[in-house]
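Here's the structure we're looking at; comments come further down.
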Amino acid sequence: MKVIGLTGGTGSGKSVVSRLLEQAGAVIVDADKISREIVEIGKPAYQEIVAYFGSDVLQEDGAIFRKKLGEIVFQDSEKLAFLNQCTHTYIRQEMEKQIVEAKQKKQATCIVLDAPLLFEAGLESICDNIWVVYAAKEVRILRIMQRDGISKEMAVARMANQKSWEEYQALSDLVIDNSQDTAHLQKQVEQALQTILDVKVNGI
C-alpha cells in the first residue's frame, strides 16, 4: 500500500486536500492531531515541555496552553528547536504505529501522512511519494489569522520558521495548487491519485 507524505507551509490548505483524499478512500494519519495527543497531561512530551518552559505555558487545569506556547517558540528559534526535537520523536512513533495498523487492515486505497513538518521530523524516509500543497503568501497569511485568531505579525513569524516554497518544491514529487477554486483542487487530487495508484478514482 502506497504511503503519501502530504505537506506544505502553514495556511496552504493541506486539510482541504486531506479531506478530499479521505473521501477517495485514503487513511489519513494526521500529525497535528497526534501532536495534540502527545502533549496531554501525563504524557512524556508533556513532562518534557513543562520541565523546559515552566508553568507559564499551562492553563488553569494544568493542560498546555498551545496558543501561548506557540507565541513563545515562534519568536525564539532555540526554543522552537527544543519543542520540535521533543515532539517529533513521539509523533514519528505514533505515525509509524498507525501506518502498520492501516496496512494490516488492507481496506484503504493508500495511506496519507498529513504532516506540516514532514521533512523536519524525518518522515520523508517512510513515504513512497511526497506531495506539497501551494498557496500564495497573502492567502496563507489571511488563513492563519482567521484559523488561529492571531495578528498578521504572528502569522508571518510562523511562516518564517518553516521552509521556503522553493525548498518544499525541490523536496517534493508533486505540487498541488490550492490557489484557485475547489473544483480545480479536486481535479488535481483525482489525477494525482490515478497516477500513483494506476486506477480510476471516482467520488472525490
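The values are calculated or read from the model by the stated rules, or taken from the named source; none is laboratory data. Remember, it's a predicted structure, so these values are computed and weren't measured experimentally. Here the Cβ positions follow ideal geometry from the backbone for every residue, glycine too, while neighbour counts run over all protein chains shown. These accessible areas exclude ligands, DNA and RNA; they are computed on the full protein's heavy atoms, side chains included. Shrake-Rupley method; radii C 1.70, N 1.55, O 1.52, S 1.80 Å.
Some notes on this structure:
- Calculated mean residue ellipticity at 222 nm for the chain: -16500 deg cm²/dmol, from DSSP H runs with n ≥ 4 weighted as -39500 (n - 2.57), summed, divided by the residue count and rounded to 500.
- Largest mean-square fluctuation among Leu185, Leu58, Leu20, in a Gaussian network model of the chain whose springs join Cα atoms under 10 Å apart, belongs to Leu58.
- Over the range 57-204, relative contact order from alpha-carbon pairs under 8 Å, at least 6 apart, %: 20 percent
- In order along the range 90-99, phi translates into HN-Hα couplings of 6, 5, 4, 4, 5, 5, 5, 4, 5, 5 Hz, rounded to whole numbers, per the Karplus curve 6.51 cos²θ - 1.76 cosθ + 1.60 with θ = phi - 60° and x for Gly and Pro.
- Cα-Cα pairs of the range 94-204 separated by more than 18 Å (percent): 61 percent
- To the nearest ten degrees, helix 137-148 and the longest principal axis of the Cα atoms of the chain are 60 degrees apart.
- In the range 61-117, Rg over Rh equals 1.13, where Rg is the alpha-carbon radius of gyration and Rh the Kirkwood radius from pairwise Cα distances.
- A 1.4 Å probe run over the protein chains yields, for the chain, 53 Å² of accessible area per residue, whole-number rounding.
- Rule-of-thumb Rg ratio for the range 60-156 [Cα; 2.2 N^0.38 Å; N residues]: 1.31
- Relative intensity, log₁₀ I(q)/I(0), of the range 1-96 from a Debye sum that treats every alpha carbon as a point, q = 0.12 Å⁻¹: -0.46
- Here the range 69-88 and the range 2-35 have alpha carbon centers that stand 23 Å from each other.
- Accessible surface of the chain [probe 1.4 Å, protein heavy atoms]: carbon and sulfur percent: 47 percent
- Listed peptides 188-194, 47-53 appear in the order 188-194, 47-53 once ranked by packing, highest mean of other Cβ atoms within 10 Å at the front.
- Its convex hull of Cα atoms gives the chain a direction-averaged projected area, equal to a quarter of the hull surface, of 11.7 nm².
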